[in-house]
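Heads up: the structure comes next, in structure tokens.
The values are calculated or read from the model by the stated rules, or taken from the named source; none is laboratory data. The shown structure was predicted, so the numbers you read here are calculated from the model rather than taken from an experiment. Note that each Cβ is placed from the backbone with ideal geometry, even for glycine, and that neighbours are counted across all protein chains shown. Side chains included, ligands, DNA and RNA excluded: accessible areas come from the protein's heavy atoms. Shrake-Rupley method; radii C 1.70, N 1.55, O 1.52, S 1.80 Å.
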Amino acid sequence: MIKIRFKNISKYGAVLVLLVFLHYVGILGPVESLVQRISSPLMYQIYGVGSFFRSRYYEQNDIAGLSNKNRILEAQVRALTAGQAEMIKYKEENERLRGMISFFDENKGKYLPSNVISRSDHLGTANDDQSIIIDKGSDDGLKDGLAVLDHEGNVVGKISDTKEKISRVDLLTSSRCKLAVSVVNAERTIGVAKGELGLTTRIDFIPQTEILHKEDLVLTSGLEIDIPRGLSVGRIDQVNKESNELWQDAYIRPISNLNDLSIVSVILPR
Amino acid sequence: MYYKLIIHAIILLLCFWFQRSFLEVLPGWFSDTNFILVILAYVLLVTDMKKALWWAIGFGIISDVFYFLPFGHYLAIFIIILCLMDFLLSNLLTDRSLYSIVALVLVSTLAFEAVNFTAMRFYALFSPSESAAAVSLTYLSSLLSGLVMNGAATAGIFYIFNQATQSFKPVFINKKRR
């Protein structure tokens, strides 16, 4: 005979409904905040262990490409060193001019450092690891749409959801992340960079008349509220330009290593 | 009684932190493990349905606090899956051997993914910014790796139980060849 326990199930179903009601009414809010606050420091430590294994795994997979990458980087360092002297000269001139006209530096903003406590946005198979969870939330002044930077000041993503003490950050390679960018080229091409397949970031609908080169620097354009311009996003990795198409598109290689994030900074609204 | 409650709460939190901050961070197949489901199966086996339901509620609440889906999503799913586990244990997988426990966890994993997937597609109708999961090759391969990892975790915990304590042996029938 098939046994089904209806009595217990209905009692616990009522508990479920009550808990959901208490959450949406706000009564459970302080309890949730307390659990998040207690859990975050320990989750950060546990995350550090998992992140260590994750980094080693991706490093092992990349050993074959490391020597090639090393040669490219050495060449870049030499080119950058040559340009550095000129940059210093321009910087000094810029500071003198700003001082003269008392120009307010709109790129200076407040930053809130945060620890990464997890990756992935939901339990189960259908989750992707193109999101990170940080230990700061709406109680700390965070809201959707704020830019998140790594320890070197490169953009890694945007906040997409907040709770009292934690927030979800969609990384640049997430299909949910859309960022207004501009390319450092002659035409100062602007566009919207969108994550694709969890692997790369793409700018679509670039006019055919604009010329993009591989390794062109991509920065935030400043056209979004709360995201200042001039933050480095990545470099152009590939340009798809067909003469019989209306538009061209370009793939961006993020500067930041999105597989190895432990401490990030959130740019607070002005 | 309160002492036992505190111990249960601490173990529950530790299991959740292990899932959320360690397993989900690992690369490859490890991140597809649903350790909470495996723990729920063993709690049901070792105790009774009443205690297991409280564990399901505990896991559900803390999952809803730390994941960004509508509150009640994981509460409901864990209760549903636990009822399914209880039904299977009471009527089909009654011998409580290693193989039946692994089968229980695998069926529960499939049911969990089915309910989770359906709910996510439903939420995507009301929230255009959320991308709905699609049944793609990537999803199916993740599902397969999740099944393998959950089965492996189940078998691993079974052998740890058998090594750690003699009192479980009459419950976990391990048929030896003669």
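Worth a mention:
- Qualifying residue in region B:25-37 (condition: within 20 Å of residue A:12 (Cα to Cα) and surrounded by 19 or more Cβ atoms within 10 Å (Cβ to Cβ)): yes
Rundown of residues vs (1) open to solvent by 10 Å² or more (accessible area, probe 1.4 Å); (2) within 8 Å of chain A (Cβ to nearest Cβ); (3) in a loop (DSSP other than H, G, I, E, B); (4) of a type in the set (A, V, I, L, M), yes/no style:
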| site | (1), (2), (3), (4) |
| --- | --- |
| B:54 | yes, no, no, no |
| B:69 | yes, yes, yes, yes |
| B:78 | no, no, no, no |
| B:101 | no, no, no, yes |
| B:116 | no, yes, no, no |
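- Search result, residues across region A:167-198 that are in a loop (DSSP other than H, G, I, E, B), in contact with a Ser or Thr (Cβ under 7 Å, 6 or more places away or on another chain) and touching a residue at least 12 places away in the same chain (Cβ under 8 Å): A:172, A:173, A:174, A:175, A:176, A:189, A:198
- Of all residues in region B:67-89, those that are closer than 22 Å to residue A:119 by Cβ have Cβ atoms under 7 Å from Cβ atoms of residues that are at pLDDT 90 or above and outside any helix (DSSP H, G or I), 6 or more apart or on another chain, in B:68/A:161; B:68/A:168; B:74/B:67.
- Flag if residue A:47 is modelled with pLDDT of 75 or more, surrounded by 11 or more Cβ atoms within 10 Å (Cβ to Cβ), facing another protein chain (nearest Cβ under 7 Å) and touching a strand residue (DSSP E or B) at 6+ places or on another chain (Cβ under 8 Å): yes
- Of A:171, A:219, A:212, all but one fail to be closer than 30 Å to residue B:63 by Cα and crowded, with 16+ Cβ neighbours inside 10 Å; the exception is A:171.
- Residues of region A:10-26 that are open to solvent by 60 Å² or more (accessible area, probe 1.4 Å), facing chain B (nearest Cβ under 9 Å) and either under 35 Å from the mean Cα position of the chain (by Cα) or at positive phi (or both): A:24 alone.
- Filter pass, residue B:96 being open to solvent by 30 Å² or more (accessible area, probe 1.4 Å), among the charged types (D, E, K, R) and out of contact with any helix residue (DSSP H, G or I) (no Cβ under 8 Å at 6 or more places or on another chain): no
- Listing of strands (runs of 3 or more DSSP E) fully contained in region A:217-269 that carry 1 or more residues being aliphatic (A, V, I, L, M), at pLDDT 90 or above and over 15 Å from the mean Cα position of the chain (by Cα): A:217-220, A:232-240, A:247-254
- Count - residues of region A:128-166 that are part of a strand (DSSP E or B) and not aliphatic (A, V, I, L, M): 6
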